[in-house]
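The values are calculated or read from the model by the stated rules, or taken from the named source; none is laboratory data. Predicted model only: the values in this text are computed from it and were never measured. Note that we place each Cβ from the backbone using ideal geometry, even for glycine, and neighbour counts take in every protein chain shown.
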Amino acid sequence: MTSLTERLATCYSGVVYDIMRDMGLPPAVLPHSIKSLENHVKIAGPVFTLRGRPDPSVGAHESLLEWTSFLSKAAVGHVVVCQPQDSNRALMGELSAEALKLRGVLGYLVDGGARDVSFIKKIGFPVFCRYTSPIDVVGNWRPEAMEEPVTIGNVVIHPGDYILGDEDGVVVIPKAHAEEVISRSEVAMNTESLVRKAILEGQDPQEAYVKYGKF
């Protein structure tokens, strides 16, 4: 049986947003400054959350022990969503991406930075971030919570919520509504295909909209 994650990965953020709007759900769209390191790359799946903070008093060894502990605990088959409460350093790099990918983590999104971009692209691990920087976490940043709600922009993201990111942006689907949102998105995409076919065959766009109720 096809999993919710596999089904969500066939959708796109625009149709998911439309469905959530039509269902009266809050428009859970992350800030548009958060983008994939590489075009044509998606992230899709349930969320594993990480929150941390800058701490210049933490030693280099301790900071790396805490960071690698997080890498060991990130849930298989999930997308890590990180709120670093930091706008200076990279919260993802090559070795970390390699480790997460090997564990079966589906991707990583951070309200902050990443580095080693060319290497991350080469291994094909999906990373969404706000900026890039050579500065890393060593001796300056530490995790403080996993699997607790985090806030990015005006969106509160809970562990187990579903996330879909593509070239248009990133939407978050509350866990309780994931099945319905994904099912309705699939129906909407099928209807859009009918509208597209009608227009390509010469039907007036307004007539196609009236006929199918979708545009």
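Across the stretch 137-144, not a single residue is classified as out of contact with any helix residue (DSSP H, G or I) (no Cβ under 8 Å at 6 or more places or on another chain) and in a loop (DSSP other than H, G, I, E, B). Looking only at residues of the stretch 11-27 that are assigned to a loop (DSSP other than H, G, I, E, B) and at pLDDT 95 or above, we find that the one that is nearest to ASP168 (Cα to Cα) is CYS11. Among residues of the stretch 92-147 being over 24 Å from ALA60 (Cα atoms) and more than 17 Å from the chain's Cα centre (by Cα), the one that is surrounded by the fewest Cβ atoms within 10 Å (Cβ to Cβ) is SER118. From the list LYS175, LYS211, the one residue that fits, being at pLDDT below 95, surrounded by 11 or more Cβ atoms within 10 Å (Cβ to Cβ) and not hydrophobic (A, V, I, L, M, F, W, C), is LYS211. Any chance you could count how many residues in the stretch 102-120 are under 22 Å from ILE157 (Cα atoms) and touching a strand residue (DSSP E or B) at 6+ places or on another chain (Cβ under 9 Å)? Adding up the residues that qualify gives 10.
Please indicate, with yes or no, whether at least one residue in the stretch 151-163 is more than 26 Å from GLY59 (Cβ to Cβ), touching a residue at least 40 places away in the same chain (Cβ under 8 Å), of a type in the set (A, V, I, L, M) and assigned to a helix (DSSP H, G or I).
Applying the first criterion (more than 26 Å from GLY59 (Cβ to Cβ)) to the stretch 151-163 yields 151-163.
With the extra rule that they be touching a residue at least 40 places away in the same chain (Cβ under 8 Å), the set shrinks to 151-153, 155, 157-163.
Among the residues that remain, those that are also of a type in the set (A, V, I, L, M) are: 152, 155, 157, 163.
With assigned to a helix (DSSP H, G or I) added as a condition, the list becomes none.
No; the residues of the stretch 151-163 include none that is more than 26 Å from GLY59 (Cβ to Cβ), touching a residue at least 40 places away in the same chain (Cβ under 8 Å), of a type in the set (A, V, I, L, M) and assigned to a helix (DSSP H, G or I).
Looking at the stretch 164-180, can you tell me whether even one residue there is charged (D, E, K, R), touching a strand residue (DSSP E or B) at 6+ places or on another chain (Cβ under 6 Å) and touching a residue at least 24 places away in the same chain (Cβ under 8 Å)? No: the stretch 164-180 contains no residue that is charged (D, E, K, R), touching a strand residue (DSSP E or B) at 6+ places or on another chain (Cβ under 6 Å) and touching a residue at least 24 places away in the same chain (Cβ under 8 Å).
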